[in-house]
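Presented below is the structure to which this report refers.
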Amino acid sequence: MAETDELPERESMDFDVVIVGAGPAGLSAAIRVKQLAQESGTDVSVVVLEKGSEVGAHILSGAVVDPVGIDRLLPNWREEADTPFKTPVSADHFLLLGPAGSMRLPNFLMPGLMNNHGNYIVSLGNVCRWLAEKAEALGVEVYPGFAAAEVLYDEDGRVVGVATGDMGVGRDGKPNAGYTRGMELRGKYVLIGEGARGSLAKELIARYELDAACDVPKFGIGIKELWQVAPEKHRPGLVQHSFGWPLDDKTGGGSFLYHLEDNQVAVGFVVHLNYKNPYLSPFDEFQRFKAHPAIRETFEGGKRLSYGARAITEGGFQSVPKTSFPGGLLIGCSAGFVNVPRIKGSHNAILSGMLAAEEVMGALARGEANTELAAYDSAWRTGEIGKDLKRVRNVKPLLSRFGTRIGTLLGGLDMWTNELFGFSFFGTLKHGKRDSDCLEPAANFTPIAYPKPDGEVSFDKLSSVFLSNTNHEEDQPIHLKVKDMALQKASEHDVFAGPSNRYCPAGVYEWVEEGEDAPRFQINAQNCVHCKTCDIKDPNRNITWTVPEGSGGPNYPNM
């Protein structure tokens, strides 16, 4: 296509309901819409857009799933011969780690809501693949490989659909020989279920000021590996959570080992993104964690199968924005429905998708289109999701304010009083600063000398990214946008010593200190695993994550 050619008009398709994101929230919403349509004898068209190359390709979670949501959505699922819920929790361990030892905490000290018995250890990616099959069997159109890049508005400012990104745009921003215009998918209602820090949700929150009455958003970064371990080290159904070392008391986070079926163990490490030290590297803390004597023995002689990373919404009840806007709703992690101390969000994602479907179907039955479904906002707050989040609302602020040890004790007390008596001594605490505002100048800290990977249980970033099967078309615009490169040099480099090189778990960012134009900020966008940490943690909020071409990014087989 010549430079002077005008871009062709987009083709468009019309649906009753357009859903962005084939995660547990989006797929549950699609299934519930079709269930209600069948019950009422109506024909409702539903499409689900997924930016990954296939459903599940971008899904990463622990995951221990509370089945309350799936029980509600698919009451007869236990009667099926083959489901992804293969491993019920059989044992629940909590460990406090020190530099050389560990202490198991008695289960009776844990609030009842922390009990995992009755839950299932799963691959959430496989759960989503299973849900997608259910949705398609009901007549839902699921389109993997299509990244929703733009929100469509009408002249009254209402959301009327989304548009997928153009394909075949070169690194210089100009159409190349393989150029294909994106497509408009218009709907009477649009549900946004992109996951944590999605680009469309971020736009909608800003445009409609959905966060005007809520606390600041808070996030963590979760890094996960899937291992095949020796049969004698495998304990199907064991759930092990730990906290403490290698993080200091002022740096929040935790870790998990989940023993699935087939001698597989999922190991993960979460760092709260309100940490202060710009020299801290969540990836390297994770690798160091696996070397702890209480952890290492599980993985010695095993084989690492997969690697990935993802931002996690951690603000909880007080940070959930208004979830309705003219023409649509925020669902799942786009709204922030994660229960932080339980490290669970998929049950609330499913419940939120079902709630959204019920509100949409009610509106369609009334003959409405593109209206604001404000009842959804009150429905989640007064229902099961609100109850689940409200009783743990102070855990994260207490950890941030008092540190890991005292914060954990106070958080446990607060969960007990909420569970037993329905109140909190603390009321509802505020989170304070945004995560991007928490970093302190590098001059206040000493660089951290992390141990070199041993190639047995600890590894480097590039070999890890290889296991994520990440792939992006090289000749396309960089999807990580730096607003002000001079500011990046003067602040991120000169004041904070380039923390992007460390907070990114995929080696996307580096400061090249050699050559005529040194220091030069280099972005290796092809490595990006779509965790979105850069969009959250940059000290000036100077980096914006946007969707690359459809199908780009990681290809997680069973994460």
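The values are calculated or read from the model by the stated rules, or taken from the named source; none is laboratory data. Every value quoted in this text rests on a predicted model; they were computed, and no experiment measured them. Every residue, glycine among them, receives a Cβ derived from its backbone with ideal geometry; neighbour counts consider all protein chains shown. Heavy atoms of the whole protein, side chains included, go into the accessibility calculation; ligands, DNA and RNA do not. Shrake-Rupley method; radii C 1.70, N 1.55, O 1.52, S 1.80 Å.
Would you mind finding the one in V122, V68 that is β-branched (V, I, T) and under 27 Å from S306 (Cα atoms)?
Details: V68 fails: under 27 Å from S306 (Cα atoms).
The unique qualifying residue is V122.
Scan the stretch 249-271 for residues that are within 16 Å of C438 (Cα to Cα) and out of contact with any helix residue (DSSP H, G or I) (no Cβ under 7 Å at 6 or more places or on another chain) and report the count.
Number of matching residues: 3.
What's the number of the condition F425 fails, among (1) out of contact with any strand residue (DSSP E or B) (no Cβ under 6 Å at 6 or more places or on another chain); (2) outside any loop (DSSP other than H, G, I, E, B); (3) hydrophobic (A, V, I, L, M, F, W, C)?
F425 satisfies all of (1) out of contact with any strand residue (DSSP E or B) (no Cβ under 6 Å at 6 or more places or on another chain); (2) outside any loop (DSSP other than H, G, I, E, B); (3) hydrophobic (A, V, I, L, M, F, W, C) except (2).
Kindly list the number of the only condition in (1) more than 30 Å from F402 (Cβ to Cβ); (2) among the aliphatic types (A, V, I, L, M); (3) at pLDDT below 95 that fails for I343.
It fails just one condition, (1).
Just name the residue that is most open to solvent (accessible area, probe 1.4 Å) out of those in the stretch 228-255 that are within 15 Å of F289 (Cα to Cα) and part of a strand (DSSP E or B).
F243
Which members of the stretch 56-86 meet the condition of being of a type in the set (A, V, I, L, M), more than 20 Å from I312 (Cα to Cα) and touching a residue at least 60 places away in the same chain (Cβ under 8 Å)? If you could, list the steps in order and put the result at the bottom.
From the stretch 56-86, those of a type in the set (A, V, I, L, M) are 57, 59-60, 63-65, 68, 70, 73-74, 81; that's our starting set.
This time we only want the ones that are more than 20 Å from I312 (Cα to Cα), so: 68, 70, 73-74, 81.
Those that are of a type in the set (A, V, I, L, M), more than 20 Å from I312 (Cα to Cα) and touching a residue at least 60 places away in the same chain (Cβ under 8 Å): V68, I70, L73, L74.
Just a yes or no: is a residue in the stretch 103-118 small (G, A, S) and surrounded by 13 or more Cβ atoms within 10 Å (Cβ to Cβ)? Walk me through how you get there before you give the answer.
Going residue by residue through the stretch 103-118, those that are small (G, A, S) are 112, 118.
In the following step, the residues that additionally are surrounded by 13 or more Cβ atoms within 10 Å (Cβ to Cβ) were identified as none.
Within the stretch 103-118, not a single residue is small (G, A, S) and surrounded by 13 or more Cβ atoms within 10 Å (Cβ to Cβ).
Looking only at the stretch 21-40, decide whether some residue is part of a helix (DSSP H, G or I), in contact (Cβ under 8 Å) with a residue 12 or more places away in the chain, surrounded by fewer than 14 Cβ atoms within 10 Å (Cβ to Cβ) and over 18 Å from the mean Cα position of the chain (by Cα). Working first, answer last.
Quick first cut of the stretch 21-40, residues part of a helix (DSSP H, G or I) only: 24-40.
Then drop every residue that is not in contact (Cβ under 8 Å) with a residue 12 or more places away in the chain, which leaves 24-38, 40.
Okay, now just the ones that are also surrounded by fewer than 14 Cβ atoms within 10 Å (Cβ to Cβ), so 38, 40.
Applying the additional criterion that residues be over 18 Å from the mean Cα position of the chain (by Cα) yields 38, 40.
Scanning the stretch 21-40, I find at least one residue that is part of a helix (DSSP H, G or I), in contact (Cβ under 8 Å) with a residue 12 or more places away in the chain, surrounded by fewer than 14 Cβ atoms within 10 Å (Cβ to Cβ) and over 18 Å from the mean Cα position of the chain (by Cα), so the answer is yes.
Just to be sure before I move on: is N126 open to solvent by 20 Å² or more (accessible area, probe 1.4 Å) and in contact with a Gly (Cβ under 7 Å, 6 or more places away or on another chain) in the structure I sent? Full working, then the answer.
Working: open to solvent by 20 Å² or more (accessible area, probe 1.4 Å): yes; in contact with a Gly (Cβ under 7 Å, 6 or more places away or on another chain): yes.
Yes.
Mind counting the residues in the stretch 332-368 that are over 18 Å from R393 (Cβ atoms) and β-branched (V, I, T)? Full working, then the answer.
Pass one, the stretch 332-368, residues over 18 Å from R393 (Cβ atoms): 332, 334, 346, 349-350, 353-368.
With β-branched (V, I, T) added as a condition, the list becomes 350, 360.
So the count comes out to 2.
Listed residues S468, S463; which is out of contact with any Asp or Glu (no Cβ under 9 Å at 6 or more places or on another chain) and open to solvent by 40 Å² or more (accessible area, probe 1.4 Å)?
S463
Hey, can you tell me all the residues within the stretch 167-204 that are under 22 Å from I350 (Cβ atoms) and not in a strand (DSSP E or B)?
We begin by selecting, within the stretch 167-204, every residue under 22 Å from I350 (Cβ atoms); these are 187, 189-198, 200-201, 204.
Selection gives G193, E194, G195, A196, R197, G198, L200, A201, L204.
Could you grab me the full set of residues in the stretch 461-503 that are touching a Phe, Trp or Tyr at 6+ places or on another chain (Cβ under 9 Å), under 30 Å from G178 (Cα atoms) and of a type in the set (S, T, Y)? Steps first, answer last, please.
In the first step, residues of the stretch 461-503 are kept if they are touching a Phe, Trp or Tyr at 6+ places or on another chain (Cβ under 9 Å); the result is 461, 463-469, 479-482, 485, 488-489, 492-493, 497-503.
Within this subset, residues satisfying the condition of being under 30 Å from G178 (Cα atoms) are 465-469, 479-482.
Selection gives S468 alone.
Would you please name the residue that is surrounded by the most Cβ atoms within 10 Å (Cβ to Cβ), looking only at residues in the stretch 538-556 that are touching a helix residue (DSSP H, G or I) at 6+ places or on another chain (Cβ under 8 Å) and under 18 Å from G195 (Cα atoms)?
Here is the first cut: in the stretch 538-556, the residues touching a helix residue (DSSP H, G or I) at 6+ places or on another chain (Cβ under 8 Å) are 538-548, 556.
Subset that is under 18 Å from G195 (Cα atoms): 544-548, 556.
Numbers: T544: 16, W545: 21, T546: 15, V547: 20, P548: 23, Y556: 27.
Checking each candidate, the answer is Y556.
Go through (1) surrounded by 19 or more Cβ atoms within 10 Å (Cβ to Cβ); (2) under 21 Å from the mean Cα position of the chain (by Cα) for S53 and report which single condition fails.
(1)
Looking at the stretch 431-449 only, could you name the residues that are open to solvent by 50 Å² or more (accessible area, probe 1.4 Å), closer than 17 Å to R401 by Cα and part of a helix (DSSP H, G or I)?
Within the stretch 431-449, just D437 meets the criteria.
Please find, among E194, E209, E203, E184, the residue that is touching a helix residue (DSSP H, G or I) at 6+ places or on another chain (Cβ under 8 Å) and of a type in the set (D, E). Don't jump to the end; show me each part of the working.
Numbers: E209 fails: touching a helix residue (DSSP H, G or I) at 6+ places or on another chain (Cβ under 8 Å); E203 fails: touching a helix residue (DSSP H, G or I) at 6+ places or on another chain (Cβ under 8 Å); E184 fails: touching a helix residue (DSSP H, G or I) at 6+ places or on another chain (Cβ under 8 Å).
Unique residue meeting the criteria: E194.
For the stretch 256-287, what are the residues that are in a loop (DSSP other than H, G, I, E, B) and hydrophobic (A, V, I, L, M, F, W, C)? Let's see the steps before the verdict.
Of all residues in the stretch 256-287, those in a loop (DSSP other than H, G, I, E, B) come to 260-263, 273-281.
Hits for the stretch 256-287 are L260, L273, L280.
Anything in the stretch 296-309 that is open to solvent by 40 Å² or more (accessible area, probe 1.4 Å), part of a strand (DSSP E or B) and either of a type in the set (K, R) or over 21 Å from V529 (Cβ atoms) (or both)? List them, or say none. Give the derivation first.
Of the stretch 296-309, the ones open to solvent by 40 Å² or more (accessible area, probe 1.4 Å) are 296-297, 300-301, 303, 305.
Applying the additional criterion that residues be part of a strand (DSSP E or B) yields 303, 305.
Result: K303, single match.
Quick one: count up the residues across the stretch 310-333 that are open to solvent by less than 10 Å² (accessible area, probe 1.4 Å) and assigned to a helix (DSSP H, G or I).
Residues that pass the stated criteria total 1.
Here is a list: A212, A201. Which entry is out of contact with any Phe, Trp or Tyr (no Cβ under 8 Å at 6 or more places or on another chain) and open to solvent by 10 Å² or more (accessible area, probe 1.4 Å)? Write out each step before concluding.
Values: A201 fails: open to solvent by 10 Å² or more (accessible area, probe 1.4 Å).
Being out of contact with any Phe, Trp or Tyr (no Cβ under 8 Å at 6 or more places or on another chain) and open to solvent by 10 Å² or more (accessible area, probe 1.4 Å) holds for just one of A212, A201, which is A212.
Quick check, is E474 modelled with pLDDT under 95, of a type in the set (D, E, K, R), touching a helix residue (DSSP H, G or I) at 6+ places or on another chain (Cβ under 7 Å) and in a helix (DSSP H, G or I)? It would help to see each step written out before you state the result.
On the way: modelled with pLDDT under 95: yes; of a type in the set (D, E, K, R): yes; touching a helix residue (DSSP H, G or I) at 6+ places or on another chain (Cβ under 7 Å): yes; in a helix (DSSP H, G or I): no.
When the stated conditions are applied, E474 does not pass them.
Each row is one residue, and each column tells you yes or no for (1) of a type in the set (S, T, N, Q); (2) free of Cβ contacts under 8 Å to residues at least 40 places away in the same chain; (3) closer than 18 Å to G26 by Cα.
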| residue | (1), (2), (3) |
| --- | --- |
| F325 | no, no, yes |
| K344 | no, no, yes |
| T371 | yes, no, no |
| I406 | no, yes, no |
| G411 | no, no, no |
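This table checks each residue for (1) in contact (Cβ under 8 Å) with a residue 24 or more places away in the chain; (2) of a type in the set (S, T, Y); (3) under 30 Å from C214 (Cβ atoms).
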residue	(1), (2), (3)
D435	yes, no, yes
G455	no, no, no
F459	yes, no, no
E473	yes, no, no
P477	yes, no, no
K481	yes, no, yes
D494	no, no, no
E513	no, no, no
Q522	no, no, no
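Go through the stretch 157-178 residue by residue and tally those that are open to solvent by 30 Å² or more (accessible area, probe 1.4 Å) and over 26 Å from the mean Cα position of the chain (by Cα).
Initially, the stretch 157-178 is screened for residues open to solvent by 30 Å² or more (accessible area, probe 1.4 Å), giving 158, 166-167, 171-178.
Then drop every residue that is not over 26 Å from the mean Cα position of the chain (by Cα), which leaves 158, 171-178.
Total satisfying the criteria: 9.
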